[in-house]
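Heads up, the thing below is written out as structure tokens.
The values are calculated or read from the model by the stated rules, or taken from the named source; none is laboratory data. The model shown is predicted, which means the values in this text are computed figures rather than measured ones. Reconstructed Cβ throughout: ideal geometry from the backbone, glycine too, with neighbour counts over all protein chains shown. For accessibility, only protein heavy atoms count, side chains too; no ligands or nucleic acids. Shrake-Rupley method; radii C 1.70, N 1.55, O 1.52, S 1.80 Å.
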Protein chains: 2
Amino acid sequence: MIKTKCKDILRNGQQVVTQSRCDVLCILSKSQHPMSVAELKQTLGKSSPNVVTIYRMLESFLDKGIVRRVPLRSSEALFEFTGFGDHHHISCIECHKIEEVDDCAVSGALKNALKKSNKFASITQHTFELYGVCKECTKKK
Amino acid sequence: MIKTKCKDILRNGQQVVTQSRCDVLCILSKSQHPMSVAELKQTLGKSSPNVVTIYRMLESFLDKGIVRRVPLRSSEALFEFTGFGDHHHISCIECHKIEEVDDCAVSGALKNALKKSNKFASITQHTFELYGVCKECTKKK
DNA sequence: TTCACAAATGCAACTCATTTGCGTTTATGA
DNA sequence: TCATAAACGCAAATGAGTTGCATTTGTGAA
């Protein structure tokens, strides 16, 4: 994802375009896995804005649907760029490697769930996260 | 769920049986929705053990698979009794009401996911959580 | 029933992710 | 170019969850 693209995304989301915001979005859009705030800061390195700024930025991106919060770890939040469409994650319980998996019948499950519910009118969001053991870690044992 | 039943569950899970542990498990097993530590403490009222004790207890229950951690809120962990088998949740983004929904094709999605992955050998756990607007809140608007 | 030991508990202090307040700087669009 | 709203940095606060340690209690063997 090139910088100009990031700027467009920010503008479309009515976001003020600053260097920091471009940098963060750029990193997220290139990342193969959801990232924590700490990881973002580290990747940004010396040119990183204040942690607080990253938090506020992500909050703002979340509002506009530019990023999404992934509930894979209970200790810290992970964020990923939404532009790649819907997919899910398998996380290794040994080495914490994360692999992405695409839709795989979840949309069907969603419709089903709504049909079965008698209290809900709509489903606006969902998370489907898997935990397992990767082949590497399986081999080690 | 009656007290004796809770004791049995604890014993089967090689858990030391104490009053506090019975109380917590009893409350969880009666609850219609996953509960936070704070909520548990409040429900236990005056006879509640120290918060730290509740944390350690739940940690221990998690180990033995007696309870499960539900990632519905990012700010605090929710716990639910596993004895009722597998199901999922829809949480209202307005009023935070939680409804339980049963399996609805998720197991199929799981098999599918594993088949598509080329890095993972097994899936040991999964979460499927839905967010939406309940009928009540829809009406209000 | 008794006894020793491992496990549970309480308390205080700590860690660490995330939030808030506030004064300053910067992007935006008129 | 200028006014204003938003972003930013810093410091301090919050709040969930953890850790160390001394004390109590449940458990299984004698």
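For chain B, modelled as a GNM whose springs connect Cα atoms under 10 angstrom apart, the maximal fluctuation among B:44, B:72, B:28 occurs at B:44.
Measuring heavy-atom accessible area with a 1.4 angstrom probe and counting protein chains only, the residues of region A:30-74 that give up at least 20 Å² relative to the chain alone are A:69, A:71, A:74. Between the C-alpha center of region B:69-86 and that of region A:77-141 there is a gap of 16 Å. Solvent-accessible surface of chain A, averaged per residue with a 1.4 angstrom probe and all protein chains in place: 54 square angstrom. Each Lys and Arg contributes +1 and each Asp and Glu -1, all at the Cβ; summed about the Cα centre of region B:59-133, the dipole is approximately 500 debye. Largest to smallest in accessible area, the residues A:99, A:59 fall in the order A:59, A:99 (1.4 Å probe, all protein chains included).
Partner shielding of B:131-141 amounts to 4, given as the average count of beta-carbon atoms from other chains within 10 Å of each residue beta-carbon.
Across A:106, A:24, A:67, mean-square fluctuation computed from a Gaussian network of chain A (C-alpha pairs under 10 Å connected) peaks at A:106. With a Förster radius of 45 Å applied to the C-beta separation of residue A:48 and residue B:135, the computed FRET efficiency comes to 0.50. By a 1.4 Å probe calculation restricted to protein chains, residue B:81 has an accessible surface near 20 Å², given to the nearest 10.
Once the C-beta distance of residue B:102 and residue B:122 is scaled by a Förster radius of 30 Å, the resulting FRET efficiency is 0.80 to the nearest 0.05.
Could you list, in their original order, any pairs among A:111/B:115; A:140/B:5; A:116/B:46; B:64/B:140 whose Cα atoms are separated by more than 32 Å?
Working: A:111/B:115 23 Å; A:140/B:5 40 Å; A:116/B:46 39 Å; B:64/B:140 43 Å.
Distance filter (> 32 Å) returns A:140/B:5; A:116/B:46; B:64/B:140.
Computed with a 1.4 angstrom probe on protein heavy atoms, the B-A interface buries about 3400 square angstrom of accessible area in total. Taking all protein chains as they are arranged and a probe of 1.4 Å, the heavy atoms of residue A:23 leave approximately 30 Å² accessible to solvent.
Of the residues B:18, A:4, the one with the largest accessible area comes first in the ranking A:4, B:18, computed with a 1.4 Å probe on protein heavy atoms.
Helical content alone sets the calculated 222 nm signal of chain A at -13000 deg cm²/dmol, taking -39,500 (n - 2.57) per DSSP H segment of four or more residues and averaging over every residue.
Taking N as the number of residues in region A:2-141, what value does Rg over Cα atoms divided by 2.2 N^0.38 Å take? So region A:2-141 has a normalised radius of gyration of 1.19. With its label point defined 7 Å out from Cα along the Cα-to-Cβ axis, residue B:69 lies at 1.6 nm from the matching points of the other copies, in increasing order. In chain A, the beta-carbon sitting nearest the axis that superposes A on B belongs to the residue given here with its distance in angstrom, A:71, 2. Across A:50, A:12, A:112, mean-square fluctuation computed from a Gaussian network of chain A (C-alpha pairs under 10 Å connected) peaks at A:112. Sorting B:129, B:136 on solvent-accessible area from highest to lowest, probe radius 1.4 Å, gives B:136, B:129. Other protein chain C-beta atoms within 10 Å of residue C-beta, averaged over A:107-118: 6.
Placing unit charges on the Cβ atoms of the charged side chains and taking the dipole of region A:78-119 about its Cα centre, the candidate lying farthest along the positive direction among A:106, A:95, A:78 is A:106.
Measuring only protein heavy atoms, the 1.4 Å probe finds residue B:35 accessible over about 10 Å².
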